[in-house]
Amino acid sequence: MLNKVLATINRYSMLRDVQEVAVALSGGADSVCLLFVLLELRQKFGYSLSAIHINHQLRGDESDRDERFVRTLCKSLDVPLVVERAEVSLLAESQGKSIELAARDLRYEVFARCCKGVVATAHSADDNLETVIYNMTRGSGLKGICGIPPKRDIFIRPLVACTRIEIEDYLKNARLDFVTDSTNLSDEYTRNKLRHRVVPVLKEINCAVPQKVYDMCENLREDEDFLAMTARKIYILCLKNGELDAELLKIQHSAIAKRVILYYFEEALGRSLDRLHLNLCYSVLSEGGRTEITRDLFACCYGGKFYVVDEKEGREDVLSVTAEDLLITDEEKVNKKFLKNAIDCDKIVGSLVFRYRKESDSIRVNGRHCTKTLKKLFNEQKIPAHKRDSIPVVADDVGVVWVYGIGADERVAVDSNTKKAKIFSVKRIYNHGNSGEVKYDR
């Protein structure tokens, strides 16, 4: 077993440049085994070894017995020990958590506070099997089915490739004592149900199932690492000014695109995204439009950009353009109010296209006698960056003829010779109660 532990340590560089290792020592079989294994390897790697014990005070005298056992063991081995005591039941009640979750959070808080190097926990291949099954029952994705990571942050798990049988054999051969947590014998907790009812059935099918599932997890972790690394590169390429390049993202495989969307919500927005809303966001990316994430938060995809709008910070509308033809007789005078939103039909070259802006778009606004890019005009009007790619643009075969809020291009502007005009109007599709036509003389 020692060779297997050594192989795991080397494969995941658990002890590279590590000078201090603290063992999470409960006094149970797994953690006692871990302590003695790391004592055997201490000279080889040159680290100093200590232990951390947490008395959760959940089992009365039995909890105190475990603490006494750990204190005696560490004293006999001359291993420095830190003991923390906490009434987890009261802690869970005050925090509104389950006892399991409160105990877990307490452990990680204590480990992080007391650790000066790395913390070694005694998770085994059997623990990994139970974790995989549990995550499957919750409908976890690939990351969850990868099981317990051998190394993460300050935590290392040298025994994660070892089965419980191998650990028990090590303790038996070395004649090492340990304590047994009576709650492990009860089916009150989810993990115990899996351990006592599900795992035995799987072992009837294949007695080596803990090792086989661990091997599977190693393969899956390689796949997950590759997908995550690829998605990270695409995320960096796609992210610009707080938005994602939808055109670049749409051509990616869904496994990559969905990971990029998750990165976007987690890192750019500081929010998590569940599977339902992730799939809705992916649909919006593929088809355009927008979807509701929360009451005030919407994921949008317009103008080649994927972005999020928080309506608490200002209402965001999706605008739909319609066009109406108007015949003008010699006796009629053109109403100046719609000059900004009308073009001369006879001056249109080819066909009209209703779209959003492109990087190279420019317009010679009627009456201004100069040509400017839409980017510069939007800057002048102080239009927020996340709204610019959802502003309607109309173009013919030559170029832009009209932009919402900007007006018509001088080339196609209505004048005294115009016989037939095309007038553009816009409606808000989403505005939560303020529907209707938008005035263009703003």
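Can you say what percent of the DSSP beta bridges in the chain, counting only those with both residues inside, are antiparallel? Round to 5.
75 percent
May I ask you to list the lysines whose Cα is less than 18 Å away from that of Lys193, ignoring any residue fewer than eight positions away on the same chain?
The qualifying lysines are Lys203.
Using only alpha carbons, build the gyration tensor for the chain and give me the equivalent ellipsoid semi-axes, biggest first, whole Å.
On the way: eigenvalues 905, 87, 75 Å².
In descending order, the three semi-axes are 67, 21, 19 Å.
What is the antiparallel percent of DSSP beta bridges lying wholly in region 2-221, to the nearest 5?
10 percent
Under a Cβ-only charge scheme (Lys and Arg +1, Asp and Glu -1), can you give me the dipole magnitude of region 2-221 about the Cα centre, in debye to the nearest 20?
620 debye
Pop out the Kirkwood hydrodynamic radius of region 206-255 from its pairwise C-alpha distances, inverse of mean 1/r, in Å to one decimal.
After inverting the mean inverse Cα-Cα distance, the result is 13.1 Å.
Per the Kirkwood definition applied to all pairs of different Cα atoms, how many angstroms is the hydrodynamic radius of region 1-133?
For region 1-133, inverting the mean 1/r across all distinct Cα pairs yields 15.9 Å.
Run the helix sum for the chain: -39,500 (n - 2.57) per DSSP H stretch of 4+ residues, divided by residue count, reported at 222 nm to the nearest 500 deg cm²/dmol.
Rounded to the nearest 500, it is -12000 deg cm²/dmol.
Around Ile328, which amide H atoms from residues at least 5 apart in sequence, or from another chain, sit under 5 Å from its own amide H, with H modelled in the peptide plane?
Lys420, Ala421
Once phi is turned into θ = phi - 60°, what whole-Hz ³J(HN,Hα) does the Karplus curve with 6.51, -1.76 and 1.60 give for every residue of region 323-328, x standing for Gly and Pro?
Along region 323-328, the couplings run 10, 10, 7, 9, 7, 10 Hz.
In this model, which of Lys340/Lys387; Lys233/Lys258; Lys375/Lys420; Lys4/Lys44; Lys75/Lys151; Lys305/Lys427 are farther than 24 Å apart at the alpha-carbon? Could you put the intermediate results ahead of the total?
Details: Lys340/Lys387 21 Å; Lys233/Lys258 13 Å; Lys375/Lys420 31 Å; Lys4/Lys44 15 Å; Lys75/Lys151 28 Å; Lys305/Lys427 21 Å.
Over 24 Å Cα-Cα: Lys375/Lys420; Lys75/Lys151.
About its Cα centre, what dipole magnitude does the chain give when the only charges are +1 on Lys and Arg Cβ and -1 on Asp and Glu Cβ, stated in debye to the nearest 20?
Dipole of the chain, to the nearest 20 debye: 960 debye.
Just the ratio, please: alpha-carbon radius of gyration of region 2-221 over 2.2 N^0.38 Å, N its number of residues.
Numbers: Rg = 17.1 Å, N = 220, 2.2 N^0.38 = 17.1 Å.
Here the answer is 1.00, to two decimals.
Just going by the charge dipole of the chain, with Lys and Arg at +1 and Asp and Glu at -1 on Cβ, which of Ser390, Phe298, Gly407 is farthest out on the positive end?
Of Ser390, Phe298, Gly407, it is Gly407.
Reachable aspartates and glutamates from Lys172, Cα under 17 Å, same-chain residues fewer than 8 places away excluded?
Result set, ordered by chain and number: Asp30, Glu40.
Tell me which trypsin sites (Lys or Arg not before Pro) from region 171-278 have a DSSP coil assignment and no more than 13 other beta carbons within 10 Å of their own.
Of the trypsin sites (Lys or Arg not before Pro), the ones in loops of region 171-278 whose Cβ has at most 13 other Cβ atoms within 10 Å are Arg175.
Given +1 on the Cβ of Lys and Arg, -1 on the Cβ of Asp and Glu, and no further charges, what dipole in debye does region 245-313 carry about its Cα centre, rounded to the nearest 20?
The dipole magnitude comes to about 220 debye.
Values quoted throughout were computed directly from the atomic coordinates according to the rules given, and no laboratory measurement underlies them. A quick note: this is a predicted structure, and the numbers were derived from the prediction, not measured. Note that each Cβ is placed from the backbone with ideal geometry, even for glycine, and that neighbours are counted across all protein chains shown.
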